[in-house]
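The values are calculated or read from the model by the stated rules, or taken from the named source; none is laboratory data. Given the structure is predicted, the values throughout are model-derived calculations rather than measurements. In this analysis, Cβ positions are derived from the backbone assuming ideal geometry, glycine residues included, and neighbour counts consider all displayed protein chains.
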Ligand code: 6PG
């Protein structure tokens with residue numbers, strides 16, 4: 001079931017409801033494959049989400065559809081990262097590596113991880129911003145030439161996305177490409193680096209993955225245009241939402 005983009009709905013515009021987390025992962029994999037297939041040019045840039053929801057999608061991309069993706073053309077980035085060693089269970093890069101990046105035929109220099117060791121969180125944010133601008137070929141984003149082809153995002157129960165938390169300065173940042181987030185305010189309580197709203201939104205397609213009844217209350221607020229996730233969606237040319245039935249109804253299966 002797809003919710004049409006009309007204001008006042010209690011789900012965000014561009015929402016599709018699917019049965020459960022497994023169906024969500026399959027729908028997201030199908031959408032990823034379709035977007036990649038429609039992307040022309042030598043390089044394809046995909047920005048990955050952290051959190052736990054996308055893990056199954058990553059596994060499906062690595063295991064079930066390897067022939068469907070032109071692995072040699074795709075570059076992988078991260079919307080945010082926790083300042084933990086790359087082998088920590090809290091590392092977003094580690095989750096993506098375990099589920100996808102090391103399981104698929106991906107050239108090592110196509111994985112663009114946030115540096116987290118031997119640097120301060122400020123230095124990490126600056127280094128990652130420079131890495132992104134180097135890939136893009138400019139320090140100024142051109143709306144006609146988005147940085148990413150696809151950005152995958154999740155949401156927290158407080159309405160954060162990536163590490164753009166409500167009421168914290170990072171969500172207001174509109175110049176820097178990546179910023180430090182000294183206090184996450186949510187577990188894991190470690191500093192983070194996050195891409196900023198204009199950078200996450202500089203993407204041909206943005207796909208939010210939302211699962212579980214605990215996300216229901218915040219979806220209603222996001223549908224009203226509130227909270228960081230809604231602000232990223234509003235800035236994106238094509239924001240879609242894949243929502244499982246539990247998150248859409250607030251009722252656990
Ligand atoms: C992170 C994230 C974050 C995440 C949401 C949803 O590093 O924590 O990138 O924005 O996507 O908190 O997380 P879940 O998928 O675990 O619910």
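Considering only segment 33-60, how many residues are closer than 18 Å to residue 153 by Cα and away from the ligand (no atom under 16 Å from the Cβ)?
Of the residues in that region, 6 qualify.
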Quick one: residue 249 ticks every box in (1) more than 16 Å from the ligand (Cβ to nearest atom); (2) modelled with pLDDT of 95 or more bar one, so which box is it? (2)
Counting only helices (runs of 4 or more DSSP H) entirely within segment 196-236, those with at least 1 residues that are without any contact (Cβ under 8 Å) to a residue 60 or more places away in the chain and crowded, with 19+ Cβ neighbours inside 10 Å are 197-200, 216-223
Over segment 43-63, the set of residues closer than 15 Å to residue 106 by Cα and assigned to a loop (DSSP other than H, G, I, E, B) is 43
If residue 185 satisfies all but one of (1) surrounded by fewer than 18 Cβ atoms within 10 Å (Cβ to Cβ); (2) within 12 Å of the ligand (Cβ to nearest atom); (3) under 19 Å from residue 112 (Cβ atoms), what's the number of the condition it fails? (3)
Residue within segment 169-178 that is away from the ligand (no atom under 14 Å from the Cβ), modelled with pLDDT of 95 or more and under 17 Å from the mean Cα position of the chain (by Cα) present: yes
May I ask you to list pairs of residues, at least six apart or on different chains, whose Cβ atoms are under 9 Å apart, with the first in segment 89-110 being in contact (Cβ under 8 Å) with a residue 60 or more places away in the chain and the second being within 16 Å of the ligand (Cβ to nearest atom)? 90/82; 90/84; 90/187; 90/188; 90/190
I need the full set of residues from segment 149-174 which are surrounded by fewer than 17 Cβ atoms within 10 Å (Cβ to Cβ) and closer than 30 Å to residue 40 by Cβ, in order please. 174
Answer yes if at least one residue in segment 59-73 is buried (at least 19 other Cβ atoms within 10 Å of the Cβ) and at pLDDT 95 or above, and no otherwise. no
Positions within segment 226-253 being within 17 Å of the chain's Cα centre (by Cα) and on the phi > 0 side of the Ramachandran plot, in sequence order: 227
Can you name the residue in segment 144-165 that is within 22 Å of residue 36 (Cβ to Cβ), assigned to a loop (DSSP other than H, G, I, E, B) and touching a residue at least 60 places away in the same chain (Cβ under 8 Å) and, of all such residues, is farthest from the ligand (Cβ to nearest atom)? 146
I'm told residue 98 meets every condition in (1) over 18 Å from the mean Cα position of the chain (by Cα); (2) surrounded by fewer than 18 Cβ atoms within 10 Å (Cβ to Cβ) except one. Can you identify the failing condition by its number? (1)
